[in-house]
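Heads up, the thing below is written out as structure tokens.
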Amino acid sequence: MGHFGFSYMGIIFLLLLIVPNLVWTKHQPKGYDPSHENKTLGLFERVGEVLVSAVALIFSDFNFQGWNLWSIWLLLALLFMTFYEIWWIRYFRSNKELRDMYCSFGIIPVGGATLPVIAFIFLGIYGKVIWMILSVIILGIGHIGIHLQHQKEIEGEKL
């Protein structure tokens, strides 16, 4: 269930998530229009964002607890956050078209949405905090769903 206490690892993950998004506000893709996004998915996304942020900060179980076999989950979480940062670097170096915003990362669809969701699920597994896993599922439904909606619209424009 988790142990209450400050999580420095939670802060690190949240900063890795938030900083590129803050930069993005000045580098949004050409033609970006969130006004037609599915409201239900938007609600899931907002609730998930709040829950993931809160849970990441208030459970000390996410902090590094020494090397053991369970540390693989933390390493996987860090790996997927690294992939997320690489995805952002790729986006910021692109032409910043809508297709760049909703592109895949290797075999992972809509990388900008999917990579952090995977990273936080692995962080939840590492900390053995079911609240993180449930929160990330809520976030993922909304965030990935919205990104897939945008991707589908872009593909429809190409036809």
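The values are calculated or read from the model by the stated rules, or taken from the named source; none is laboratory data. All of these numbers come straight from a predicted model, not from anything done at the bench. Cβ sites come from the backbone with ideal geometry, for glycine too, and all protein chains shown count toward neighbours. Accessible surface areas use protein heavy atoms only, side chains included; no ligands, DNA or RNA. Shrake-Rupley method; radii C 1.70, N 1.55, O 1.52, S 1.80 Å.
Quote the FRET efficiency, to the nearest 0.05, computed for Gln149 versus Ile12 with a Förster distance R0 of 30 Å and r equal to the Cβ-Cβ distance.
0.50
Under a cut-off of 26 Å between alpha-carbon atoms, report the lysines in cross-link reach of Lys152, not counting same-chain residues fewer than 8 places apart.
Counting by Cα, and skipping residues close in sequence, Lys152 has these lysines nearby: Lys26, Lys30, Lys39, Lys96.
Given Cβ point charges of +1 (Lys, Arg) and -1 (Asp, Glu) and nothing else, what value in debye, to the nearest 20, does the dipole of the chain about its Cα centre take?
The dipole magnitude comes to about 180 debye.
Label region 49-91 by shape, choosing from rounded, prolate and oblate, from the square roots a ≥ b ≥ c of the eigenvalues of the Cα gyration tensor; if a/c is under 1.5 it is rounded, and otherwise prolate applies when a/b is larger than b/c, oblate when it is not.
The shape class here is oblate.
So if we plug the beta-carbon distance of Tyr32 and Leu79 into 1/(1 + (r/R0)^6) with R0 = 30 Å, what FRET efficiency do we get, rounded to 0.05?
Taking R0 as 30 Å, the efficiency between Tyr32 and Leu79 is 0.55.
When the chain is treated as a GNM, springs tying every alpha-carbon pair under 10 Å, which of Val55, Val47, Val23 comes out with the largest mean-square fluctuation?
Comparing Val55, Val47, Val23 in the GNM, the peak value goes to Val23.
Go ahead and set up a Gaussian network model of the chain, Cα springs under 10 Å, then flag whichever of Ile12, Ile125, Ile133 fluctuates most.
Ile12
At 1.4 Å probe radius, can you tell me the per residue accessible area of the chain in Å²?
Heavy-atom SASA per residue in the chain reads 55 Å².
Leaving ligands, DNA and RNA out of it, report the carbon-plus-sulfur percent of the accessible area of the chain at a 1.4 Å probe.
Carbon and sulfur together cover 71 percent of it.
Under the definition of Cα pairs under 8 Å and six or more residues apart, what whole-number percent is the relative contact order of region 1-145?
38 percent
Please list, in order along region 63-72, the HN-Hα scalar couplings obtained from phi with the Karplus expression 6.51 cos²θ - 1.76 cosθ + 1.60 (θ = phi - 60°), rounded to whole Hz, x for Gly and Pro.
These are the phi-based 3J(HN,Hα) values: 5, 4, 10, x, 7, 7, 4, 5, 4, 4 Hz.
Could you derive backbone 3J(HN,Hα) for region 44-54 from the dihedral phi with the Karplus parameters 6.51, -1.76 and 1.60 (θ = phi - 60°), listing whole Hz in sequence and x where the residue is Gly or Pro?
Working through the residues one at a time gives 4, 4, 5, 4, x, 4, 5, 5, 4, 4, 5 Hz.
Go ahead and set up a Gaussian network model of the chain, Cα springs under 10 Å, then flag whichever of Ala113, Ala54, Ala77 fluctuates most.
Comparing Ala113, Ala54, Ala77 in a Gaussian network model of the chain, the most mobile one is Ala54.
Which translational diffusion coefficient, to the nearest whole µm²/s, is obtained for the chain from the Stokes-Einstein equation, given a Kirkwood hydrodynamic radius over C-alpha pairs, 25 °C and 0.890 mPa s?
Answer, rounded: 152 µm²/s.
So how far apart, in nm, are the two label points at Val23 and Ile72 if each is 7 Å from Cα heading toward Cβ?
According to this spin-label approximation, the distance is 3.3 nm.
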